[in-house]
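Each remark here refers to the structure printed beneath this line.
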Amino acid sequence: MKIKISLFLFVLCLSPLSLATVGGPQQIEVLGYEVQDQKLYLLRHYLDGRGRLPQLYYYHFKSQKPNQLVQVHSLYIHPKTKKIDYDQHSKKFDQDIAQIKKRLTPVVPLAKQNFQLKRIRTDKSTAPAWHDSRQNVPKWTYLYRAQSGPYQTSIHQAVSYTPDLVLNQAYRIPQQDKLLVTVKYLGIPFETGYHIEDPVLLSR
């Protein structure tokens with residue numbers, strides 16, 4: 001009987017773990033600019049319960065599509081399986097990122113007040129609630145453009161589950177006539193909702 005009671009209490013103590021959060025926000029870290037190859041490197045951090053490796057991106061200003069964000073895959077190849085694995089140990093990845101950082105020139109922070117976020121179109125609709133697909137939650141789909149003086153972005157889209165769309169970071173890129181901002185919105189409706197941050201490039 002004592003064994004059964006102990007087992008019951010043990011399971012009861014573990015039960016809060018099953019309710020532990022697994023969601024989380026996504027944040028952009030601007031690593032810096034590589035002068036020789038004319039690449040601007042960024043990391044997207046996934047701050048959730050999964051613990052996956054952050055995603056590395058870059059803009060390649062010497063390419064035919066300098067405003068296109070390129071997703072890097074090569075740093076995520078597992079040495080044994082030879083397949084992309086975002087859940088492997090971070091030691092090798094951290095070493096690779098540290099080597100990249102050595103080649104980079106820091107970007108120059110700018111005041112967010114010098115930028116405007118122009119909402120070109122806003123559509124309000126609904127989406128199934130994460131906890132019950134029979135219920136709906138409000139959803140806002142934005143078409144927007146960021147501007148600062150003669151600089152502006154192309155038109156971008158963001159889907160938010162609260163009516164918020166804000167500029168969060170702003171930088172000048174060394175040796176390039178370009179600026180970078182990040183736009184933040186509540187793009188993950190899971191649990192209590194989590195914010196996403198997207199990089200957006202401005203040109204003349």
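With a 1.4 Å probe and all protein chains kept in place, how do ARG119, ARG44 rank by accessible area, largest first? Please list the in-between numbers first.
Values: ARG119 110, ARG44 20 Å².
The residues order as ARG119, ARG44, largest area first.
So what's the angle, to the nearest 10 degrees on a 0 to 90 scale, between helix 2-18 and the longest Cα principal axis of the chain? Tilt relative to the chain: about 20 degrees.
Suppose accessible area is computed on protein heavy atoms with a 1.4 Å probe; arrange PHE190, PHE61 from highest to lowest.
Values: PHE190 65, PHE61 25 Å².
Order by accessible area, largest first: PHE190, PHE61.
Dipole orientation for the chain: of the candidates HIS195, PRO66, VAL22, PRO66 has the Cα lying most toward the positive pole (charges on Cβ; Lys, Arg +1; Asp, Glu -1). Accessible surface computed residue by residue for the range 78-173, with neighbouring protein chains in place and a 1.4 Å probe, gives 67 Å² per residue. For a modelled paramagnetic label at THR126, 7 Å from Cα along Cα-to-Cβ, the residues of the range 190-204 in reach, with backbone nitrogen under 20 Å, are 190-193.
Packing-based ranking of 23-33, 156-166 yields 23-33, 156-166, ordered from highest to lowest mean Cβ neighbour count within 10 Å. Between ARG119 and ASP37, the FRET efficiency estimated from the beta carbon spacing at R0 = 30 angstrom works out to 0.30. To the nearest ten degrees, helix 91-102 and the longest principal axis of the Cα atoms of the chain are 20 degrees apart.
Using the empirical formula 2.2 N^0.38 Å as the baseline, the Cα radius of gyration of the chain reaches a ratio of 1.27. If you average over every viewing direction, what projected area does the convex hull of the Cα atoms of the range 49-125 give, in nm²? The number I arrive at for the range 49-125 is 9.8 nm². With 26 Å as the limit, the listed pairs LYS62/LYS102; LYS112/LYS178; LYS62/LYS92; LYS65/LYS91 have LYS62/LYS92; LYS65/LYS91 beyond it between alpha carbons.
Of ILE196, ILE77, the order by accessible heavy-atom surface (1.4 Å probe, DNA, RNA and ligands excluded), from most exposed downward, is ILE77, ILE196.
Quick one: dipole size for the chain, taken about the Cα centre, charges +1 on Lys/Arg Cβ and -1 on Asp/Glu Cβ, in debye to the nearest 20.
Details: 28 positive and 15 negative charges, 53 e Å.
Magnitude of the dipole: close to 260 debye.
Across the options LEU167, GLN152, VAL137, the greatest Cα extent toward the positive end of the charge dipole of the range 124-204 (unit charges at beta carbon of Lys, Arg, Asp, Glu) belongs to GLN152. For the chain, adding -39500 (n - 2.57) for each run of n ≥ 4 DSSP H residues and dividing by the number of residues yields -4500 deg cm²/dmol at 222 nm.
With only the Cα atoms considered, the range 85-180 has a convex hull volume of 162 Å³ per residue.
The values are calculated or read from the model by the stated rules, or taken from the named source; none is laboratory data. It should be emphasised that the depicted structure is a prediction, and the values quoted were computed from it without experimental measurement. Note that each Cβ is placed from the backbone with ideal geometry, even for glycine, and that neighbours are counted across all protein chains shown. In case anyone asks, the SASA skips ligands and DNA or RNA and just uses the protein heavy atoms, side chains included. Shrake-Rupley method; radii C 1.70, N 1.55, O 1.52, S 1.80 Å.
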